[in-house]
Amino acid sequence: VQNLCMAQNDFERRLYEHRQRIQHEHEKSLKQLEVREIIGPVPQREKDELLRRHLAELERADKRAIEKLDDLRFQQQLELQRLGIPDMYQTSNIKVMHQQRLTLLKILKACGN
């Protein structure tokens, strides 16, 4: 169970870092626009397009992250079921997942974590 937690933490860290890279690239593009504005005005539609592209890229990244997190959840549920942990099976049902979470918390608490 602890290995699953560590793998999930690592996965979430990588997702966060990917999102930060997207944000950093957007900030670089904004700085380039600021430099260009020193020379002369930059059309508003160009600024709007930069923001639109940035938001679209974030949305695509977020959708991929959700898909990957869903896949990870299913893999975790299968592994926990394979380990014989009670109430563990693949599901997307919120109530069942909440009960699964409570079961895992009890197990981790019993193990001293």
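For segment 1-91, the relative contact order is 27 percent, taking Cα pairs closer than 8 Å that sit 6 or more residues apart in sequence and dividing their mean separation by the residue count. If R0 is 30 Å, the Cβ-Cβ spacing of Ala110 and Lys63 corresponds to a FRET efficiency of close to 0.20. Once you reduce segment 1-24 and segment 30-100 to the center of their Cα atoms, the two points are 11 Å from each other.
Take the Cβ atoms of Ala56 and His98, set R0 to 35 Å, and the FRET efficiency comes out at 0.60.
Think of each Lys and Arg Cβ as +1 and each Asp and Glu Cβ as -1; about the Cα centre, that makes the dipole of segment 1-47 roughly 100 debye.
Estimated from helical segments only, the mean residue ellipticity of the chain at 222 nm is -30000 deg cm²/dmol, where each DSSP H run of four or more residues counts as -39500 (n - 2.57). For segment 1-49, the pair-distance distribution built from all alpha carbon pairs, in bins 5 Å wide starting at 0, is 5, 18, 15, 14, 10, 9, 8, 7, 6, 5, 3, 1 percent. Note on segment 17-113: Kirkwood hydrodynamic radius from all Cα pairs is 17.2 Å, rounded to one decimal. Looking at segment 19-107, the accessible area is 76 square angstrom per residue; that uses a 1.4 Å probe and ignores ligands, DNA and RNA. Per-residue Karplus couplings for segment 44-54, computed as 6.51 cos²θ - 1.76 cosθ + 1.60 with θ equal to phi - 60°, are listed in order as 4, 5, 5, 5, 4, 5, 4, 5, 4, 5, 5 Hz, Gly and Pro entered as x.
Between Gln23, Gln90, Gln44, the GNM of the chain built on Cα springs shorter than 10 angstrom shows Gln44 fluctuating the most.
Working from label points 7 Å from Cα in the Cα-to-Cβ sense, the Glu12 to Leu83 distance is 1.7 nm.
The values are calculated or read from the model by the stated rules, or taken from the named source; none is laboratory data. All values derive from a computational prediction rather than experimental measurement. For neighbour counting, all protein chains shown are included, and Cβ atoms are generated from backbone atoms with ideal geometry for every residue, glycine included. Areas reflect the complete protein model, heavy atoms only, side chains present, ligands, DNA and RNA absent. Shrake-Rupley method; radii C 1.70, N 1.55, O 1.52, S 1.80 Å.
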